[in-house]
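Below you will find the structure I want to go over with you.
The values are calculated or read from the model by the stated rules, or taken from the named source; none is laboratory data. Just so you know, these numbers come straight off a predicted model, no measurement behind them. Backbone-built Cβ (ideal geometry, glycine too); neighbour counts: all protein chains shown. With ligands, DNA and RNA removed, areas are computed over all heavy atoms of the protein, side chains included. Shrake-Rupley method; radii C 1.70, N 1.55, O 1.52, S 1.80 Å.
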Amino acid sequence: MNLSDEMNIIKRGTSEIILLEELEQKLINAKKTKTPLRVKQGFDPSSPDIHLGHTVGLRKLRHFQDLGHEVYFLIGDFTGMIGDPSGRSATRKQLTLEEVQKNAETYKEQVFKILDPEKTIVVFNSHWLGKLSFVEVIKLCATYTVAQMLEREDFANRLREKRPIGIHEFLYPLMQGYDSTVLRADVELGGTDQKFNLLVGRDLQREYHQEPQVIITMPLIEGTDGVEKMSKSLGNYIGINENPFDMYGKVMSVPDKLLLTYFELLTDTPYPELAKIEQELKKDTVSPLIIKKRLAKEIVKIYHGYHEANEAEEHFQKVIQEGKAPENIQDLPISKQILKDNKIWVVELIKLTKQLKSTGEILRNIEQGGIRINDQKILEKNVDVDIKEGDILRIGKLNFYRIKID
RNA sequence: GGGGAGGUACCAAAGUGGUUAAAUGGAGCGGACUGUAGAUCCGUUGGCUGAACGCCUUCGAAGGUUCGAAUCCUUCCCUCCCCA
């Protein structure tokens, strides 16, 4: 593969590369000396579930691996205890050591759905940051001035608006930069909100007489609401551990305007194909629904495989679009003893599913027409229903149970 | 060190002695509609009881005043702002 092909793979979907020429030079040198580049990205272990937003960076790391480079997957277990102020109006809460480490474990399980384990080195920054002496910390601080720190938009804003900035928050960029010097990173990846921190890494590497890392920022994708960036705390995320149907359905709930971005950043759809999709959307030759279904299937395929993706699609078609019961319905075992003349009080029946949390919720569902037995709405709470083996109980739109009498 | 503001349900935010299980918005849930779980509209949202406006729990924590407290008093915990 020649240099420009490599560059095209790397450039896809990026927001900014600083500096492009340095990256080219590094790639050339790597090839010449047969030394893979050391590509670093840090992850904050404060929320343990990886969602599609994280995969934007992870997939870029994978691109580097596919080109033969090494990935340093850095778990910010130490920095996680301080709290990264990036993009936050308020100071982030600090995690305990145990919380951070527990989260880190679940993190590792998930990232290898995307990264190549052979070419990934997982590192924890507590290993070196935890050993720094106070003198060393002060020396590190001495490399930066308050004025430099205040260049960061978030700090500047908070200062102007007289909102608090913790002293420790100034240390975050320094620590992240220090990580780069320890790992001797050639490239560091991050979201656009990380730009400042990534740049600090370059400065510190110079300070430590290293060649500065190239920094690559990736766009932050909006979540299923189409407004806020995808994040767990906002509840607009699609987790990569979610089951195929939920994943498919959540992608389907994304506003149309995000279709192209999702295709570009979350799938490997080649550029000519992307251009075609763009045209289809623009000229309205293909319904956005069809295109979105293609996207949903594509994404489910990446995390669950082709077969599961097909199933998710069929399921969606049947249950959501046509409002019918799906093929695989879970059994609801009912023992004969609790039946009286094959009858059971509806509320009791629903309780057995454990689907609804309280009696109040069950009653509300009944009143509002959310309960069906064999497609027949039950609208009255004081009824004992006749049930037999194989009857289908439906709660709301999505939850089906097949009665099984023991 | 001095002065001030505030902690209310999943979140945000009203409420300052009874009519408050607590306005409103968001989120959630259900329905209708549709090209989707999107948009829109309607309904609904502490728990228990075969349900009655009956009982239990909830307005930072613990006590107290009162027939009655989210609302008043005391102590404590926490958060924030201004001045130094």
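Would you say A:Ile350 is modelled with pLDDT of 90 or more, buried (at least 18 other Cβ atoms within 10 Å of the Cβ) and within 9 Å of RNA strand B (Cβ to nearest atom)?
In short, no.
Looking at A:Arg394, is it under 24 Å from A:Phe316 (Cα atoms) and either basic (Lys, Arg) or within 11 Å of RNA strand B (Cβ to nearest atom) (or both)? Walk me through it before giving the result.
On the way: under 24 Å from A:Phe316 (Cα atoms): yes; either basic (Lys, Arg) or within 11 Å of RNA strand B (Cβ to nearest atom) (or both): yes.
Spelling it out, A:Arg394 is indeed under 24 Å from A:Phe316 (Cα atoms) and either basic (Lys, Arg) or within 11 Å of RNA strand B (Cβ to nearest atom) (or both).
Among (1) touching a helix residue (DSSP H, G or I) at 6+ places or on another chain (Cβ under 6 Å); (2) open to solvent by 50 Å² or more (accessible area, probe 1.4 Å), there is one condition A:Pro270 misses while meeting the rest; what is its number?
In the conditions (1) touching a helix residue (DSSP H, G or I) at 6+ places or on another chain (Cβ under 6 Å); (2) open to solvent by 50 Å² or more (accessible area, probe 1.4 Å), A:Pro270 misses (1) alone.
In segment A:11-45, which residues are under 30 Å from A:Lys108 (Cβ atoms), open to solvent by 60 Å² or more (accessible area, probe 1.4 Å) and touching a residue at least 24 places away in the same chain (Cβ under 8 Å)? Before the answer, list the steps.
Narrowing segment A:11-45 to residues under 30 Å from A:Lys108 (Cβ atoms): A:11-18, A:23, A:26-27, A:30, A:34-45.
Okay, now just the ones that are also open to solvent by 60 Å² or more (accessible area, probe 1.4 Å), so A:11, A:15-16, A:34-35.
The answer is A:Ser15, A:Glu16.
Table: residues versus (1) buried (at least 20 other Cβ atoms within 10 Å of the Cβ); (2) assigned by TED's automatic domain parsing to the domain that holds A:Gly53; (3) out of contact with any helix residue (DSSP H, G or I) (no Cβ under 8 Å at 6 or more places or on another chain).
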| position | (1), (2), (3) |
| --- | --- |
| A:Val200 | yes, yes, no |
| A:His209 | no, yes, yes |
| A:Gly226 | no, no, no |
| A:Tyr237 | yes, no, no |
| A:Tyr248 | yes, no, no |
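While we're looking at this one, here's another question. Sort out which residues of segment A:353-371 are outside any helix (DSSP H, G or I), without any contact (Cβ under 8 Å) to a residue 40 or more places away in the chain and either under 16 Å from A:Asp331 (Cα atoms) or within 7 Å of RNA strand B (Cβ to nearest atom) (or both), and write them in order of number. Steps first, answer last, please.
Step one: filter segment A:353-371 for residues outside any helix (DSSP H, G or I), giving A:354-358, A:368-371.
Cutting the leftovers down to without any contact (Cβ under 8 Å) to a residue 40 or more places away in the chain gives us A:354, A:356-358, A:368-371.
Those that are outside any helix (DSSP H, G or I), without any contact (Cβ under 8 Å) to a residue 40 or more places away in the chain and either under 16 Å from A:Asp331 (Cα atoms) or within 7 Å of RNA strand B (Cβ to nearest atom) (or both): A:Lys354, A:Lys357, A:Ser358, A:Gln368, A:Gly369, A:Gly370.
Look at A:Ile291 and say whether it is near RNA strand B (Cβ under 10 Å from one of its atoms), open to solvent by less than 50 Å² (accessible area, probe 1.4 Å), β-branched (Val, Ile, Thr) and touching a residue at least 12 places away in the same chain (Cβ under 8 Å). Outline the logic, then answer.
Working: near RNA strand B (Cβ under 10 Å from one of its atoms): yes; open to solvent by less than 50 Å² (accessible area, probe 1.4 Å): yes; β-branched (Val, Ile, Thr): yes; touching a residue at least 12 places away in the same chain (Cβ under 8 Å): yes.
Judged against the criteria, A:Ile291 is a match.
Just need a number here: residues in segment A:209-254 that are in a loop (DSSP other than H, G, I, E, B) and more than 8 Å from RNA strand B (Cβ to nearest atom). It would help to see each step written out before you state the result.
Keep residues of segment A:209-254 that are in a loop (DSSP other than H, G, I, E, B), which gives A:209-213, A:219-221, A:223-228, A:230-238, A:240-243, A:253-254.
In the following step, the residues that additionally are more than 8 Å from RNA strand B (Cβ to nearest atom) were identified as A:209-213, A:219-221, A:223, A:227-228, A:230-234, A:236-238, A:240-243.
Final tally of qualifying residues: 23.
Kindly check whether there is at least one residue in segment A:78-86 that is crowded, with 23+ Cβ neighbours inside 10 Å and either over 22 Å from A:Ile215 (Cα atoms) or modelled with pLDDT under 90 (or both). Let's see the steps before the verdict.
Start the filter on segment A:78-86 by keeping residues that are crowded, with 23+ Cβ neighbours inside 10 Å, which leaves A:79-80.
After this cut, where a residue has to be either over 22 Å from A:Ile215 (Cα atoms) or modelled with pLDDT under 90 (or both) as well, the list is A:79-80.
Yes, segment A:78-86 has at least one match.
Between a residue in segment A:252-264 that is of a type in the set (Ser, Thr, Tyr) and any residue that is within 10 Å of RNA strand B (Cβ to nearest atom) and open to solvent by less than 60 Å² (accessible area, probe 1.4 Å), which pairs come within a Cβ distance under 8 Å, given they are 6 or more apart or on different chains?
These pairs meet every condition: A:Ser253/A:Thr224; A:Tyr262/A:Val251; A:Tyr262/A:Val254.
While we're on this one: Does A:Asn8 meet the test of being open to solvent by 20 Å² or more (accessible area, probe 1.4 Å) and under 27 Å from the mean Cα position of the chain (by Cα)? Outline the logic, then answer.
Values: open to solvent by 20 Å² or more (accessible area, probe 1.4 Å): yes; under 27 Å from the mean Cα position of the chain (by Cα): yes.
Yes.
Identify, from the list A:Glu389, A:Glu380, the residue that is within 13 Å of RNA strand B (Cβ to nearest atom), part of a loop (DSSP other than H, G, I, E, B) and not β-branched (Val, Ile, Thr). So that I can check it myself, show each step before the final result.
On the way: A:Glu389 fails: within 13 Å of RNA strand B (Cβ to nearest atom).
After ruling out the rest, the residue left standing is A:Glu380.
Helices (runs of 4 or more DSSP H) wholly in segment A:105-207 with at least 3 residues that are within 28 Å of the chain's Cα centre (by Cα) - which ones? It would help to see each step written out before you state the result.
Values: elements: A:126-129, A:134-141, A:146-149, A:153-160, A:167-183, A:195-207.
Per the criteria, A:126-129, A:153-160, A:167-183, A:195-207.
Further question on the same structure: Going through segment A:312-347 one residue at a time, which ones are more than 9 Å from RNA strand B (Cβ to nearest atom), over 15 Å from A:Ile405 (Cα atoms) and open to solvent by 80 Å² or more (accessible area, probe 1.4 Å)?
Across segment A:312-347, the qualifying residues are A:Glu314, A:Lys324, A:Glu327, A:Asn328.
For A:Lys404, work out the one condition from (1) in contact with a helix residue (DSSP H, G or I) (Cβ under 8 Å, 6 or more places away or on another chain); (2) assigned to a strand (DSSP E or B); (3) not aliphatic (A, V, I, L, M) it doesn't fulfil.
The one condition A:Lys404 does not meet is (1).
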